[in-house]
Amino acid sequence: MSLALVQLSLTVGIFLAILVYFVYQIKKYPLQHKNILSFLDRTDYLLLIVISCVYAGISFINLGNILKPNTPVTLTARQGVEINFTTPTHIDQFYYALGYVSGSIKFSYVRDDNQTQSITIDPGTFMWNHLQLNDPNAKYKKFTLAAESGVIELRQLALFNNIDYVTGFSLTQAQHMIPKRRLVSVDIPQNYQSIWHSSSIWDEYYYVTTAYQFNHHLPALITVHPPLGMWLISLGMRIFGDNSLGWRIVPDLAGILSLLLVYLFTKKLTLSRSAAIIASILFGVDFMHFMITRMASLESTLAFFAILSIFFLYCYAEARRGGEKFDATHRYLLPCALSIALAMSIKWSAIYSLATALLVIVYFEFIYSHYSSLRVKLIALLKICALFVVLPISFYFTCYYPTVFYPFYKNSGINNFWSFVSSLQPIMYRFHTEMINHVAHGGGGSQWWQWPLITQPQLVYRWLDTRTSLSSLGLLMGNPLIWWMFYPSLLFMLINVVKTRKFMPLFFLFITLMQFLPYALFGRISYIYYFYISSIFGIIMLSYLFSQVLQLKNKRLNYLIIGYVIACILLFAAFYPLLSGLLVDRTYFVKYLLWYHNWQFL
């Protein structure tokens, strides 16, 4: 057995040993109130089903293309695809759909006057690409597509003569005929342009490519993030295929689960069904949540596990304040630690959740509680370290386990798994502190304090039809009516804490600030979607404040809150085309949605 496998076995063994030990502790020390969901009744469960079904129905619209491509043709430098026209034909629009791409394309043509030309193209991955041929008088005898470098997966072709779909040609590769049905459909293919539900967009290029590489045991494109988030994306691609639905389904499901978790957390905090309903509605119609969870992004799964960790952290704090012993609260600390381990294995920003958990636990175990002996304190400290240091690190390393079995790893000469994983971490750190400032990210960089004000939304997708006035856009921003309430909510929550001195408002104000304020220390470029997790806690905080108002039983105030929620829903409906990639007349964007000049999305 190689050293790498021994190290991997030890890593997994440490993780499982901690897991088994604390599961045993949970059974050994039962809680007085065993049902963690005792605050829910049948009405709540019915509402959870309704909320999830309604939101899922909306989010699945235009989510992606489920069509699985025919067996693609692999292009190499030596083996390209020749498109031989039956008779010289004028072509002005050349569309070609590509799957996995690891190099550039060489496009060549031969005209009817035997004039030839070649160009090199850096194509988009997992998307439809377009080549405009601008000579109105040219007729072509042959086109050739070959890989200038690397390997390229050709999935489909669509050629047009003005508006006519052209199929009068044959396909060959290395002098062998290719069945035309592999690359050419009988009728005009659906979604042959690079639009939302047929192609990868924005950072999907990085994550989808890496997920594909994971599924095919290839070297990973992305090593500047931990691998778990891309493993989850690859799971959807394994089930539904290498299409837009396949790489978006897991993030979208995580978004649906996050919505249910927001309901649960709000009900747990406030014991108010009205507050939970308000929170879930506001979260469901928040632009950022809807947009970012319908892409192959890491933020969706990261947010779910971050919220889950804080939910169990609050359960722990509530139990300790209720007089439960430390050992009896392991049933909350273990899932909290596991959630943090999962989140940190997706993205490093989960360290804010880890810091929050450690500060809360240290307060309760070493300040709030008074242990009788130093030995008891040391045992508690060791358990905390095992749960929130050793367990996350061992799980983090375990997420890299498949690479040990990949051919590129076996052939690399590396035989030290721990050194291999450890060597990637300085690369990640340098990228996120220095190199990211030089990475093209579609613009939209902004300061942390600007995010709730939505001064600089981030455009992540744009398609304009030059022949018509139709446009399709995708923008990362919050629902203004919700995000603009973030700073006032913080202020009112602070006033509430000072006046009432209650634990719950203080706890929630603390965790919200712990997710938001660390970005003030960033010396690098940052983007509005970093505020996503903070905005979730802001919505729960706002819903709590609304629940306090509802207790006053003032009809005017109640109607005001209802009117506010309805206004948020209507605003979501108005911005829906900008969030879902739907094709609409671009004058709609300019006339109704371009509120500020610095919202540059056209």
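The values are calculated or read from the model by the stated rules, or taken from the named source; none is laboratory data. Computed from a predicted structure; not experimentally measured. Here the Cβ positions follow ideal geometry from the backbone for every residue, glycine too, while neighbour counts run over all protein chains shown.
Among the conditions (1) under 30 Å from L475 (Cβ atoms); (2) in contact (Cβ under 8 Å) with a residue 40 or more places away in the chain; (3) touching a helix residue (DSSP H, G or I) at 6+ places or on another chain (Cβ under 8 Å), W202 misses just one, which is (3).
In segment 524-540, of all residues being at pLDDT 95 or above and of a type in the set (A, V, I, L, M), the one that is nearest to R430 (Cα to Cα) corresponds to I533. Restricting segment 354-404 to residues that are surrounded by 17 or more Cβ atoms within 10 Å (Cβ to Cβ) and among the charged types (D, E, K, R), the residue that is nearest to Y21 (Cα to Cα) is K383.
Residue by residue, here is whether (1) touching a strand residue (DSSP E or B) at 6+ places or on another chain (Cβ under 9 Å); (2) surrounded by fewer than 19 Cβ atoms within 10 Å (Cβ to Cβ); (3) under 30 Å from A211 (Cβ atoms) holds:
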| position | (1), (2), (3) |
| --- | --- |
| G103 | yes, yes, yes |
| T120 | yes, yes, yes |
| I152 | yes, no, yes |
| T172 | yes, yes, no |
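The condition of being modelled with pLDDT of 65 or more and either in a helix (DSSP H, G or I) or closer than 15 Å to S526 by Cα (or both) holds for only one of T455, T466, that being T455.
Yes/no matrix, rows are residues, columns are (1) crowded, with 17+ Cβ neighbours inside 10 Å; (2) assigned to a loop (DSSP other than H, G, I, E, B):
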| position | (1), (2) |
| --- | --- |
| F507 | yes, no |
| L513 | no, no |
| G523 | no, yes |
| Y529 | yes, no |
| M541 | yes, no |
| I569 | no, no |
| P577 | yes, no |
| F589 | yes, no |
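Looking at segment 372-415, which of its residues are over 31 Å from the mean Cα position of the chain (by Cα), modelled with pLDDT of 70 or more and either polar (S, T, N, Q) or not in a helix (DSSP H, G or I) (or both)? Result: S373, N415.
Confirm whether Y564 is hydroxyl-bearing (S, T, Y), touching a strand residue (DSSP E or B) at 6+ places or on another chain (Cβ under 7 Å) and at pLDDT 90 or above. Criteria not met by Y564. Going by what's in this entry, would L40 be described as within 14 Å of L333 (Cα to Cα) and either assigned to a loop (DSSP other than H, G, I, E, B) or touching a Phe, Trp or Tyr at 6+ places or on another chain (Cβ under 8 Å) (or both)? Considered against the rule, which asks whether it is within 14 Å of L333 (Cα to Cα) and either assigned to a loop (DSSP other than H, G, I, E, B) or touching a Phe, Trp or Tyr at 6+ places or on another chain (Cβ under 8 Å) (or both), L40 comes out as no.
The test for being touching a residue at least 40 places away in the same chain (Cβ under 8 Å), in a helix (DSSP H, G or I) and in contact with a Pro (Cβ under 8 Å, 6 or more places away or on another chain) does not hold for S280.
Return the residues of segment 74-101 that are among the β-branched types (V, I, T) and buried (at least 20 other Cβ atoms within 10 Å of the Cβ); say none if nothing qualifies.
Residues of segment 74-101 that are among the β-branched types (V, I, T), as a first pass: 74, 76, 81, 83, 86-87, 89, 91, 101.
Answer for segment 74-101, where residues must be among the β-branched types (V, I, T) and buried (at least 20 other Cβ atoms within 10 Å of the Cβ): V81, I83, I91, V101.
Conditions tested, residue by residue: (1) in contact with a Lys or Arg (Cβ under 8 Å, 6 or more places away or on another chain); (2) hydrophobic (A, V, I, L, M, F, W, C); (3) more than 16 Å from P123 (Cα to Cα); (4) not in a loop (DSSP other than H, G, I, E, B).
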site: N65; (1), (2), (3), (4): no, no, yes, no
site: T74; (1), (2), (3), (4): no, no, no, yes
site: Q79; (1), (2), (3), (4): no, no, yes, no
site: T86; (1), (2), (3), (4): no, no, yes, yes
site: F94; (1), (2), (3), (4): no, yes, no, yes
site: G99; (1), (2), (3), (4): yes, no, no, yes
site: G103; (1), (2), (3), (4): no, no, no, no
site: K106; (1), (2), (3), (4): no, no, no, yes
site: Y109; (1), (2), (3), (4): yes, no, yes, yes
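Would you mind stating whether W128 is outside any strand (DSSP E or B), buried (at least 20 other Cβ atoms within 10 Å of the Cβ), of a type in the set (A, V, I, L, M, F, W, C) and touching a Leu at 6+ places or on another chain (Cβ under 9 Å)? Taking the combined requirement at face value, the residue does not satisfy it.
Just one of S580, S543, S547 is of a type in the set (G, A, S), touching a residue at least 12 places away in the same chain (Cβ under 8 Å) and farther than 15 Å from L282 by Cβ; which is it? Exactly one of S580, S543, S547 is of a type in the set (G, A, S), touching a residue at least 12 places away in the same chain (Cβ under 8 Å) and farther than 15 Å from L282 by Cβ, namely S580. In segment 445-473, of all residues being small (G, A, S) and surrounded by 22 or more Cβ atoms within 10 Å (Cβ to Cβ), the one that is farthest from the chain's Cα centre (by Cα) corresponds to S471.
Among the residues of segment 135-161, how many are under 39 Å from the mean Cα position of the chain (by Cα) and under 10 Å from D92 (Cα atoms)? Quick ask: steps written out before the conclusion?
Within segment 135-161, the first condition is being under 39 Å from the mean Cα position of the chain (by Cα), and the residues that meet it are 143-160.
With the extra rule that they be under 10 Å from D92 (Cα atoms), the set shrinks to 159-160.
Number of matching residues: 2.
With respect to A317, determine if the residue is touching a Leu at 6+ places or on another chain (Cβ under 8 Å), of a type in the set (G, A, S), assigned to a helix (DSSP H, G or I) and in contact (Cβ under 8 Å) with a residue 24 or more places away in the chain. Against the criterion (touching a Leu at 6+ places or on another chain (Cβ under 8 Å), of a type in the set (G, A, S), assigned to a helix (DSSP H, G or I) and in contact (Cβ under 8 Å) with a residue 24 or more places away in the chain), A317 does not qualify. In the set L334, L308, only one residue is at pLDDT 95 or above, surrounded by fewer than 24 Cβ atoms within 10 Å (Cβ to Cβ) and within 22 Å of the chain's Cα centre (by Cα); that residue is L308.
Check I351, I346 and return the single one that is in contact (Cβ under 8 Å) with a residue 24 or more places away in the chain and either buried (at least 18 other Cβ atoms within 10 Å of the Cβ) or in a helix (DSSP H, G or I) (or both).
Working: I351 fails: in contact (Cβ under 8 Å) with a residue 24 or more places away in the chain.
Only one candidate passes the filter, namely I346.
Results for (1) hydrophobic (A, V, I, L, M, F, W, C); (2) closer than 30 Å to F572 by Cβ; (3) not in a loop (DSSP other than H, G, I, E, B), shown as yes or no for each residue.
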{"position": "D242", "(1), (2), (3)": "no, no, no"}
{"position": "L253", "(1), (2), (3)": "yes, yes, yes"}
{"position": "L260", "(1), (2), (3)": "yes, yes, yes"}
{"position": "K267", "(1), (2), (3)": "no, yes, yes"}
{"position": "A328", "(1), (2), (3)": "yes, no, yes"}
